[in-house]
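Accompanying notes for the structure given below.
Values quoted throughout were computed directly from the atomic coordinates according to the rules given, and no laboratory measurement underlies them. Since the model is a prediction, treat every value here as computed from it, not as a measurement. Here the Cβ positions follow ideal geometry from the backbone for every residue, glycine too, while neighbour counts run over all protein chains shown.
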Amino acid sequence: MTTSPVASDDPATRAIVARTLALQRRQSIMRIVLGAGFPLALFILWEVLARTGLIDQRFFPAPSRIIATTLDTLGNATDRRQLSAGLLVTLARLTVGFVLGAGIGILAGILMGLYMPIRFALGPMVYATFPTPKIAIFPLLIVMFGIGDASKMALVALGVFFMTCMSTLSGVLYANPIYADVAQAFRIPTWTRWTRVIIPSALPAIVTGLKLGLGQALILVVSAEFVSSQNGLGHFIWNSWQVLDIPRMFMGLVVVGIIGGCAVLAGDTLERRLIPWARH
Amino acid sequence: MQAAASSTALRLAEVRKMFLTRNGQVVNALAGVSLEVGRSEVVAVLGPSGCGKSTLLRVLAGLDDAYNGTINSDRAAGADARTTERLQSATVFQTDSTLPWMTVEQNLRVGLAGLSIDRATQKERIDRYLGLVGLADFRNAYPHELSGGMRQRVAIARALASEPLLLLMDEPLAALDAQTRLVMQQELLAIWAVTRSTVVYVTHDIAEALALADRVVVMSARPGRIKSVHDVPFPRDRDVIEMRRHPAFRELEVALWKSVAEEVGSSLGAPAKPAASTIGVRIDDIARSV
Ligand SMILES: Nc1ncnc2c1ncn2[C@@H]1O[C@H](COP(=O)(O)OP(=O)(O)OP(=O)(O)O)[C@@H](O)[C@H]1O
Ligand SMILES: [Mg+2]
């Protein structure tokens with residue numbers, strides 16, 4: 001584009017640019033200060049409440065103690081191995097389940113959106129089974145896929161499938177019809193039509209589905225590991241709770257929280273990358 | 001013009017179209033449209049708002065198959081052998097039809113996806129038509145970074161770049177300022193002189209219809225029928241500004257104004273004044289005999 005560089009010797013222009021930049025800077029400072037400061041304030045409050053004995057130290061140990069335990073654990077080779085092994089196992093289940101569920105969900109959503117018979121055939125089933133708490137059918141999945149990794153991946157995939165499928169479907173159905181008209185009017189070949197018109201027009205909804213699915217996936221994998229697993233982060237947390245090693249439990253929670261935070265960040269980045277035309 | 005219309009590119013016979021609204025009401029949009037368009041002929045379509053002009057174009061573009069009557073076109077006959085380098089038909093829509101996830105250049109390229117032309121030819125055409133609509137500097141911009149009129153020019157360039165045998169345009173210049181519109185009209189005439197596309201051109205602007213078309217078709221208020229057809233007695237290599245001096249231009253312009261005004265009156269529920277209607281017919285007849 002030819003947005004010619006602003007003539008910086010023009011004082012009026014310079015003033016406007018400076019004002020805009022200052023506004024942006026003030027906003028980003030505020031975002032960091034509030035975003036980090038508010039949780040920090042809560043931690044300090046927690047610390048004070050714990051130390052003064054106003055909350056039960058056994059179940060809500062002071063943040064300083066959790067940090068100390070964490071550093072302790074990370075310093076201890078066995079503990080460290082346990083935690084990182086748990087993390088890897090959980091991430092593997094999460095990734096495989098997510099990719100599987102999202103792939104099938106997006107494809108199903110697009111097909112349902114484009115082809116009425118497929119929508120009529122699958123729609124009622126999808127909508128009827130969607131509200132079932134997925135963890136409730138975990139026993140069935142164990143029967144089908146065994147007690148190992150496969151049943152947990154299937155559970156994650158199931159949860160992600162619903163989120164991405166329904167979101168993609170509405171994305172295709174409610175995309176501006178002019179896009180389909182353009183594809184038809186210019187006789188755009190099928191492959192190009194899918195990759196350059198249909199999928200991009202549904203992309204905002206697809207990305208929303210992926211973000212929601214990621215949250216579901218994390219909930220489901222940890223829940224599954226709570227009830228049936230000898231490894232993974234869920235097991236690490238549940239096991240710590242059962243032996244009443246509360247600081248260790250909090251450590252597990254922190255790691256799960258970090259995964260969640262990374263997931264949200266990845267989702268936002270993906271969104272900015274894939275949907276450059278939307279204003280963020 | 002008349003010579004160019006030596007063979008028929010498009011023949012509509014008694015085309016009818018109705019819509020069924022949500023509450024079960026029938027909206028009659030087209031009530032028997034019959035029209036022949038010669039190859040390389042430019043036909044402008046005038047008519048009051050809501051009379052079915054866009055509906056007609058959608059049917060012609062193959063976007064709506066639920067109509068009665070017959071449409072014969074070159075496409076059906078497979079008449080032209082050069083089908084791989086030119087689209088059978090391309091459309092400029094009335095509303096913004098740029099794809100927001102693509103840059104201007106990609107918007108043009110995707111319109112060429114159905115053609116078997118190599119990359120170099122694609123690039124040459126994109127460059128040429130972006131230049132013609134004055135957007136060469138904006139090839140890497142996204143539509144949301146453009147003004148409404150610029151977006152419409154992208155849509156025009158996309159349709160022109162496919163060098164269609166049949167070009168369907170739905171008020172393509174309505175979003176532009178009057179000066180740009182005149183320049184674009186002159187450019188369209190020059191482009192069509194080269195591509196020899198058959199054009200169906202919907203517009204509300206009577207002077208524009210006269211500037212561009214070989215024939216002007218006036219549609220009646222809804223349900224749309226063809227009310228009258230007027231030959232434009234000017235050669236194709238016309239000057240869109242100079243031609244306005246010509247008495248024949250002004251006479252035809254007045255005739256068309258009256259003809260359309262009658263329909264607007266009836267579409268708004270006001271009975272057209274008998275006097276106006278008589279004059280309309282009289283000037284109409286003069287125009288026909290020009
Ligand atoms: N999808 C639809 N469902 C129901 N009615 C429709 C639909 N599309 C168009 N119509 C009706 O058909 C008639 C003709 O519409 P059309 O868009 O063809 O008008 P137009 O001549 O292009 O008007 P304008 O000049 O304002 O663009 C209108 O009365 C409109 O209400
Ligand atoms: Mg219209």
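Taking the helices alone, chain A has a mean residue ellipticity at 222 nm of -27000 deg cm²/dmol, built from -39,500 (n - 2.57) per DSSP H run of at least 4 residues and averaged over all its residues.
For region A:69-278, averaging the sequence separation of C-alpha pairs within contact (under 8 Å, six or more residues apart) and dividing by the residue count gives a relative contact order of 27 percent. For chain B, the share of DSSP beta bridges that are antiparallel, to the nearest 5, is 55%. Considering the dipole of chain A built from charges on the beta carbon (Lys and Arg +1, Asp and Glu -1) around the Cα centre, which of A:Thr129, A:Thr13, A:Thr269 is farthest to its positive end? Towards the positive end, the residue furthest out is A:Thr13. Compactness ratio for region A:220-261: Cα radius of gyration over 2.2 N^0.38 Å (N = residue count) comes to 1.05.
Net length available on complete extension from B:Asp137 to B:Ala120 is 4.2 nm, with 0.36 nm assigned per residue and the Cα-Cα distance removed.
With R₀ fixed at 45 Å, the C-beta to C-beta distance from A:Leu42 to A:Ile104 puts the FRET efficiency at about 0.70.
With semi-axes defined as the square roots of five times the eigenvalues of the C-alpha gyration tensor, the equivalent ellipsoid of the protein assembly as shown measures 64, 28, 22 Å, largest first. A Cα-only calculation for region B:126-165 places Rg and Dmax at 9.7, 31 Å. To the nearest ten degrees, helix B:178-195 and the longest principal axis of the Cα atoms of chain B are 70 degrees apart.
The charge dipole of the protein assembly as shown, taken about the Cα centre with unit charges on the Cβ atoms of Lys, Arg (+1) and Asp, Glu (-1), comes to about 780 debye, rounded to the nearest 20. Couplings 3J(HN,Hα) for region A:253-260, derived from phi with the Karplus relation 6.51 cos²θ - 1.76 cosθ + 1.60 (θ = phi - 60°), are 4, 4, 5, 4, x, 5, 4, x Hz, where x marks Gly and Pro. Using alpha carbons only, how many angstrom separate the centre of region B:177-198 from the centre of region A:226-263? When both Cα centres are located, 70 Å separates them.
Computed over chain B, the per-residue total of -39500 (n - 2.57) for DSSP H runs of n ≥ 4 gives a 222 nm mean residue ellipticity of -12000 deg cm²/dmol, rounded to 500.
Among A:220-230, A:107-117, the peptide with the highest mean count of other Cβ atoms within 10 Å heads the list, and the full ranking is A:220-230, A:107-117. For the listed peptides B:89-99, A:156-166, a ranking on the average number of other beta carbons within 10 Å per residue, highest first, reads A:156-166, B:89-99.
With a simple spin-label model that places each label point 7 Å from the Cα along the Cα-to-Cβ direction, the separation between B:Met18 and B:Thr84 comes to 4.6 nm. Calculated translational diffusion coefficient of region B:219-262 (37 °C, 0.692 mPa s; Stokes-Einstein with Kirkwood radius over alpha-carbon pairs) equals 276 µm²/s.
The angle separating the long axis of helix B:274-289 from the principal Cα axis of greatest extent in chain B is about 60 degrees. By definition, a body whose alpha carbon gyration tensor gives a ≥ b ≥ c is prolate when a/c is 1.5 or more and a/b is larger than b/c, and region A:121-189 fits this prolate description.
Per residue of peptide B:92-101, the mean number of Cβ atoms on other chains within 10 Å of the residue Cβ is 5. Rg over Rh of region B:101-209, using C-alpha atoms and the Kirkwood radius, what does it come to? Reported Rg/Rh, Kirkwood definition of Rh: 0.94.
Distant-in-sequence amide contacts of B:Gly32, defined by a placed amide H-H separation under 5 Å and a gap of 5 or more residues or a different chain, comprise B:Val15, B:Arg16, B:Lys17. Backbone geometry of region A:236-249 corresponds, through the Karplus equation with coefficients 6.51, -1.76 and 1.60 at θ = phi - 60°, to 3J(HN,Hα) couplings of 4, 5, 5, 4, 4, 5, 5, 8, 6, 8, 5, x, 5, 4 Hz, x marking Gly and Pro.
Each peptide in A:62-75, B:159-172 gets a packing score, the mean of other Cβ atoms within 10 Å over its residues, and the list from highest to lowest is B:159-172, A:62-75.
Of all DSSP-defined beta bridges confined to the protein assembly as shown, some 55% are antiparallel rather than parallel. Partner shielding of B:110-116 amounts to 5, given as the average count of beta-carbon atoms from other chains within 10 Å of each residue beta-carbon. A cut-off of 5 Å between modelled amide H atoms, ignoring neighbours fewer than 5 places along the same chain, links B:Ala9 with B:Val37, B:Gly38, B:Arg39.
Gyration tensor over the Cα atoms of chain B: the corresponding equivalent ellipsoid has semi-axes (square roots of 5 times the eigenvalues, largest first) of 31, 22, 20 Å. For region A:69-278, the Stokes-Einstein estimate of translational diffusion at 10 °C and a viscosity of 1.306 mPa s comes to 85 µm²/s, using the Kirkwood hydrodynamic radius over alpha-carbon pairs. With a 10 Å cut-off around each Cβ of A:175-181, the average count of Cβ atoms from other chains is 4.
Each semi-axis of the equivalent ellipsoid for region A:1-96 is √(5λ) with λ an eigenvalue of the Cα gyration tensor; in descending order they amount to 47, 25, 11 Å. With both labels modelled 7 Å from their Cα along Cα-to-Cβ, the A:Leu253 to B:Asp65 distance reads 6.0 nm.
Once both labels are positioned 7 Å from their Cα atoms along Cα-to-Cβ, the gap between A:Ile67 and B:Asp231 label points is 9.3 nm.
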